[in-house]
1. In the range A:1060-1077, what residues are hydrophobic (A, V, I, L, M, F, W, C) and buried (at least 20 other Cβ atoms within 10 Å of the Cβ)?
2. When you check A:TYR330 against the structure, is it in a helix (DSSP H, G or I) and surrounded by fewer than 21 Cβ atoms within 10 Å (Cβ to Cβ), yes or no?
3. Restricted to the range A:47-71, and to residues that are more than 17 Å from A:ALA285 (Cβ to Cβ) and over 35 Å from the mean Cα position of the chain (by Cα), which residue is surrounded by the most Cβ atoms within 10 Å (Cβ to Cβ)?
4. How do the helices (runs of 4 or more DSSP H) wholly within the range A:804-886 filter down when requiring 1 or more residues that are within 21 Å of A:GLU373 (Cα to Cα): which remain?
5. Let me spell it out: the conditions are (1) free of Cβ contacts under 8 Å to residues at least 40 places away in the same chain; (2) surrounded by fewer than 12 Cβ atoms within 10 Å (Cβ to Cβ); (3) more than 13 Å from chain A (Cβ to nearest Cβ); (4) not small (Gly, Ala, Ser), and B:VAL70 meets all of them except one. Which number is the exception?
6. Tell me the residue from A:ALA789, A:ALA837, A:ALA816, A:ALA801 that is surrounded by fewer than 20 Cβ atoms within 10 Å (Cβ to Cβ), of a type outside the set (Ser, Thr, Tyr) and more than 25 Å from A:LYS362 (Cβ to Cβ), please.
7. Take the residues in the range A:333-372 that are within 12 Å of another protein chain (Cβ to nearest Cβ) and β-branched (Val, Ile, Thr); name whichever of them is surrounded by the fewest Cβ atoms within 10 Å (Cβ to Cβ).
8. Could you list, in sequence order, the residues of the range A:1071-1110 that are of a type in the set (A, V, I, L, M), more than 7 Å from chain B (Cβ to nearest Cβ) and not in a helix (DSSP H, G or I)?
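The values are calculated or read from the model by the stated rules, or taken from the named source; none is laboratory data. Fair warning: this is a prediction, and the values are worked out from it, not measured in the lab. Backbone-built Cβ (ideal geometry, glycine too); neighbour counts: all protein chains shown.
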Amino acid sequence: MALCAKKRPPEEERRARANDREYNEKFQYASNCIKTSKYNILTFLPVNLFEQFQEVANTYFLFLLILQLIPQISSLSWFTTIVPLVLVLTITAVKDATDDYFRHKSDNQVNNRQSQVLINGTLQQEQWMNVCVGDIIKLENNQFVAADLLLLSSSEPHGLCYIETAELDGETNMKVRQAIPVTSELGDISKLAKFDGEVICEPPNNKLDKFSGTLYWKENKFPLSNQNMLLRGCVLRNTEWCFGLVIFAGPDTKLMQNSGRTKFKRTSIDRLMNTLVLWIFGFLACMGVILAIGNAIWEHEVGTHFQVYLPWDEAVDSAFFSGFLSFWSYIIILNTVVPISLYVSVEVIRLGHSYFINWDKKMFCMKKRTPAEARTTTLNEELGQVEYIFSDKTGTLTQNIMVFNKCSINGHSYGDVFDVLGQKAELGERPEPIDFSFNPLADKKFLFWDPSLLESVKIGNPHTHEFFRLLSLCHTVMSEEKNEGELYYKAQSPDEGALVTAARNFGFVFRSRTPKTITVHEMGTAITYQLLAILDFNNIRKRMSVIVRNPEGKIRLYCKGADTILLDRLHHSNQELLNTTTDHLNEYAGEGLRTLVLAYKDLDEEYYEEWAERRLRASLAQDSREDRLASVYEEVESDMMLLGATAIEDKLQQGVPETIALLTLANIKIWVLTGDKQETAVNIGYSCKMLTDDMTEVFIVTGHTVLEVREELRSAGGRREALPVRSPHSCPERPKAREKMMDSSRTVGNGFTYQEKLCSSRLTSVLEAVAGEYALVINGHSLAHALEADMELEFLETACACKAVICCRVTPLQKAQVVELVKKYKKAVTLAIGDGANDVSMIKTAHIGVGISGQEGIQAVLASDYSFSQFKFLQRLLLVHGRWSYLRMCKFLCYFFYKNFAFTMVHFWFGFFCGFSAQTVYDQYFITLYNIVYTSLPVLAMGVFDQDVPEQRSMEYPKLYEPGQLNLLFNKREFFICIAQGIYTSVLMFFIPYGVFAEATRDDGTQLADYQSFAVTVATSLVIVVSMQIGLDTGYWTAINHFFIWGSLAVYFAILFAMHSKGLFDMFPNQFRFVGNAQNTLAQPTVWLTIVLTTVVCIMPVVAFRFLKLNLKPDLSDTVRYTQLVRKKQKAQHRCMRRVGRTGSRRSGYAFSHQEGFGELIMSGKNMRLSSLALSSFTARSSSSWIESLRRKKSDSASSPSGGADKPLKG
Amino acid sequence: MAMNYNAKDEVDGGPPGAPGGAAKNRRPDNTAFKQQRLPAWQPILTAGTVLPTFFIIGLIFIPIGIGIFVTSNNIREIEIDYTGTEPSSPCNKCLSPDVTPCICTINFTLEQSFEGNVFMYYGLSNFYQNHRRYVKSRDDSQLNGDPSALLNPSKECEPYRRNEDKPIAPCGAIANSMFNDTLELFLISNDSAPYAIPLKKKGIAWWTDKNVKFRNPPGGENLEERFKGTTKPVNWLKPVYLLDSEKDNNGFINEDFIVWMRTAALPTFRKLYRLIERTEDLHPTLPAGRYYLNITYNYPVHSFDGRKRMILSTISWMGGKNPFLGIAYITIGSISFLLGVVLLVINHKYRNSGNTADITI
């Protein structure tokens, strides 16, 4: 392990000679041992302590501790600070130690993996950590690459090998690496052992796709590139074995170089807390100054004369100096307003919440067997405040699984599912899928419901046959057949895989390919086609073709591609078929399916020969080869015959539309940022109900220049003001030109006024108050312009006024920029969710990053703060866990500040009666234990377990999420209320006993108001009052809460009596001076009368205020709670009666009206009614009330009293 | 999670089937605790619980308050200030430090007789027994009879730790400032000589203080022997072993000393001085009539504007006179009751306004 930590000067270049450890050793390159752990047994204590004391809070308490050692200042024993400090340090240290232990364990696991290293001419098993730069190691199929290797040779011809780089960049498709020709012949061990080439290359860096170096061997130089490298973290696939030369090891590998420290994220509550703590420090200093001045005056007026009985300390020569000392003394005793346990308690609570997330069964994905994981434990309450969600599309909203769903062949559409009655079947009530058992090579996982297509294949419809033949030939899929009949397809794009699989199941099985042939099993007979050319797909062509010669010798071109491109290249005889197919295509597109058009063309021999010649020439051309090839391709792909069209469903993840609907109701804005093209993105937007036909307008911004974009954005902004009326059926895919035509007249004028308004009102958005639902679709080019400094505000304003925003064709960097933009201007909490390496930047930028685990690699998960395997878990993460976390944290903080002010401020009041001498009111043990024993556990239990409403309710009433977004539960105002309550309590806590005790005597005639009895009385009433208060604050009394609250009280009395017992006093008379005090004091009825009085006076106003608030201005959560209580009491029959009686007249129409499938989410109709009612009475906040009332009016007039209630449910 | 890279991820993150990707059951347990479904009581402040509470508090507090108030009023108490700062006061002469010993006499009249046990207190005002430096200036080990602490008192006792190179016993500012006036009470009867009221000096300290907290140092029979090697506090007239003639009330366990050592919480306080026990016959303990108080004035307080008082008081189940508690209880009880009524009205009005329909569905 010690080797790992070695520090070296930065390298200029790297030299590594194969099979020569001695030579390589002199460079002292890092070994392949990985160390993510921070400590070892010896360094743990000093290093950890050093780290902990870098925290301001801990240093502050250390400073206090030092102050306490000065006898003139010390107003408290040293242990009152050191005990909590040690406790806090210990808890943190234990946590750090456990973390580090697990890091050690995983380091060891990785370091001890076995690999085969060529040493002295033989292959030896070595642990990964012992692999050195310059070693030659052998990798086998499916093994992880141990270090960054130069590929020397492999089992495949030409030194090829395949790797999967999912861990590095998140891409699952396989990549090819090739050894340089001279080394690829070094196939066996004896040759490799003699290999003594030397590699000189760049120093370690983090660029995953760049490598430059040179191999010197046998006096020759060979250039090396990334194409020859195998990087650590990759997995070898489809290659039996390969040999590689270690170039970078351990921490120098590109994988490790990429794992920089992540930015430390803080929550807004954290920041607020730090501000408040600073304020409290200020407050503390003020109190210190007041009391110090008091002390100086007192010592001057009274103290000097009182010296007969109490002379000044030797060092003190003036009242002024005495005041100065008393300032520090008071800082010591009043320091408990900033309790040391605050930070550690917050950490404990967050840790608890993180565990709840990890443990949540409802966020566990059965299929992938992955539970949700809170990878960061410091952000939980921020989950309850999210306002913007930025989501990736592929793999996040969609499963990235393409399913062959429908097809149109020769003008006949297949794939609609009909139920028994001949009606189009809805999802979820599908009959049995058709049986492919006739085909032994069929893929069992493929499902199709329309039997007529299979019939058509079986009766030998030539169009259908040609259709599937095309699908089985025109692709770039690789097949792998491990056992006879067990076919596996390796497709670059999942779309292709789906199409080839469909053909396979319908009897056109693509079996194998060579560079020149394709073998297809057509309805059971193997036919080998000669592959003449592949005209590959690219983004401009948007189509791909193959030219094949069938066994009969006929040459045919098969083409598949995007409809917009292909339909223009058809033979004119296809017009009629084209029309039908276009109808089908529109229909498919409307269902959110991805479509491809298929066509073929017969070529005669001569033409082909001549074309092939030209193609060869074009491909050999020196300049503008791409263009020449493209035009050659263009030429042959014309006058094609239409075969049909396919429709592929980009399968949404389970529950995506419902989740989005619910999150939208919770006032969370969802922006989809995708690298996909606009059509796909918009399709997905529709299928996941982000975009709906009910939307007033969908703005599409696709401009390529700054001016265009500005124009388009302004027209969007302008029209929103100009058109508050709904135009129900605006077609989103309407061509841009038409949109412009429609708007051009208005745009000029309104764009202008809009601009003026923007200037005058700056960020106080006019637009956000605009009624109606809008959506914005913007593509990457336009976004680049929109994100420029002079337009970003305008873009943001427009985008934020829209209900849905879709950015397509965006780069990873742009994703981060968009997030940054919202973060910068909106002061809202943002959450980014994604699954791939391209989402990493946005995940790191957003306040909260969520990674979808389980699909493509783990880059996103590694960068994320939370990870789970399905998008739908987001609703639970936010609405349940986030909301609770926020609620709990707020309640915790309120109470925490309250209890410490109540506790500490008593000293302040007492100061006026003890000559400002910094005498404490309480026993020193009480001060030591108050925060860490007597009051810590109940509030922790509340902070960990409290629930205001059960989890189902927070899903039913998404509006419950709103307080978090508006930051209502803990802000500066709430803080001052807590502080005020604390101070109020402290006043009563001191002055009631003062009033009672001043002249009173005990029932045996002795003095009642001795200092010790007073201390015990105040302490006891304080503990009882704060316990009552936590009892009031706790909304969810589990057995644990009971145990902690009652337990704390019991522990208080137990410790009180123990501390005041004879036994302890006999041992340490000077430490336990309160001997016998508890039993003497607490036996007095007067004392108990005082405690009861204090408690009632402290608690009564709180109860009254809360009751009034509940009655007059209840929160939604109060209402839900109350409803629940009432519902429990009422019998079912009452509810049924009521249900009929109530009409939906008061429902806020916008909430549910456009949600299909919402019924699945909320099981009973009754809940729906309730929630909408509750909503209607709570959404009306001052700012948006007029919109609400407008909407309500609208829905009133729209829904007739009879059917109004049920209508929205059906959608 | 400071590091982005975690070796564990490299292990677990691999695709299933890859070496190292052990298939383990990561399914969370379905327990009520982990799923946050623990059975719980969810209290809510409803009219049904809050309003009765207020009324009940009112109904309980008012009678208690009245009870306390009446009890407190039945207690007889008389307070006589003998600081002597007023020129007319008989003790005025004692303000001068030259007159030693100074004995002054104050006459007073009891209008009503005091029945039952009567307690005699001395009261001090503006005397900061609760000052931080004062409170800590003692050595409980020494007071508990620890021989080593006797000869080597704690540093807390400074500057009253040693005098003339001898340790002070008892050390510290508290002990040094012990109240040392002597008070005697005489009943003036018309026909005979003044009758000295018997004042009991034992039984005025807590049992635990007398028997646990304070102990004389171990050693021979003679108390003087036990305190050998120590010196008296600076202000004291006589050493600690001469505080009283009775053996069980001498030295550290002298009850006057113990009472003094139990420091007061507030600058104005009274400490029990003597007991006047109820007489066996039917006469009141202190019949109404004229009395005089004989004071041996040793304790100067006028330098810091202190006051000295002598208080005679009877006692009830709840101690001495305590008007504050009774009034506080009556006030709080009434407020609670009123609040109950106000809340009831608000709740009632609110319910009538019809808004509750939303809630009570």
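1. Matches in the range A:1060-1077: A:PHE1065, A:PHE1072, A:PHE1074, A:VAL1075.
2. The answer is no for A:TYR330.
3. A:GLN68
4. A:840-845, A:859-863
5. (1)
6. A:ALA789
7. Of everything passing the filter in the range A:333-372, A:THR370 is surrounded by the fewest Cβ atoms within 10 Å (Cβ to Cβ).
8. Within the range A:1071-1110, A:LEU1082, A:ALA1083 qualify.
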